[in-house]
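Laboratory data are not the source of any read-out in this text; all were calculated from the coordinates shown. Everything numeric here is computed off the predicted structure, so don't read it as measured data. Glycine gets a Cβ as well: all are built from the backbone with ideal geometry, and neighbour counts include every protein chain shown.
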C-alpha cells in the first residue's frame, strides 16, 4: 500500500517562495523609480509618489493579524501571487497610455499591498511548516533566495529592460 503521509521537502518550496517574495518588493521599490526616470517623470514626482509605495511594508504589523484570522496561509500566498501577476500585467498594459503615470502607480500600489501581504503569509507558512530545528537550518536558504531575487530584479531585469528599450529604438506603442 502506498504511503500518503509523505512530507514535502522544504527544498521544494522555500527557494521559490522566497524568490516570489523578493521580486515584487524589488519591482516596487527600485524598478518603479528607474522606469519612471526613463519615462521622463521629474525627480520630485518620482520621490513623492514612489515613497508612498513603501507604506504597505510599514503597516505590516497592523495588517498581519487579519491574515492570521482569515483563511489559511497557503490561500493567502496563492491569492497574493495571482494579484502580484495581475499587478505586473496592469503595469505593462498601462505604460503606453497617455495617463500611464497615474495608472501604473495604481497598479504599483496593488503590487505593493499584495507583496506585503504575501510576505506576511509566506513567513507564517514557513514558521508553521517547519519545526524550530529545520527553521534554523533553512533561515540561510530563505535569505539567500530573497537576495537572489534582489540581484535578479535590480540586475538582470533592468538589463533586460534596457536591452529591449535599445533594440526597439524607443518605438512607442500605437493603441
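Numbers at a glance
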| read-out | value |
| --- | --- |
| Kirkwood estimate for the stretch 47-161, i.e. one over the average of 1/r between Cα atoms, Å | 15.8 |
| Contour minus Cα-Cα distance for residue 82 and residue 13 (0.36 nm per residue) | 23.1 nm |
| C-alpha long axis of helix 14-26 to longest principal axis of the chain, angle in ° | 30 |
| Per-selection Rg to Rh, the stretch 66-108 - Cα, Kirkwood hydrodynamic radius | 1.19 |
| Of 139, 28, 152, the one that fluctuates the most in a GNM where the chain has Cα springs shorter than 10 Å | 139 |
| Kirkwood hydrodynamic radius over Cα pairs of the stretch 106-175, then Stokes diffusion coefficient at 25 °C and 0.890 mPa s, in µm²/s | 161 |
| Cα-projected label distance for residue 132 with residue 150, points at 7 Å along beta-carbon direction, nm | 2.8 |
| Rg/Rg_ref, the stretch 1-88, where Rg_ref = 2.2 N^0.38 Å and atoms are Cα | 1.49 |
| Length gained when the stretch residue 164-residue 103 is fully extended (0.36 nm per residue, less Cα-Cα span) | 19.8 nm |
| Choice from 101, 62, 138 showing the highest fluctuation, given a GNM over the chain with Cα pairs closer than 10 Å | 62 |
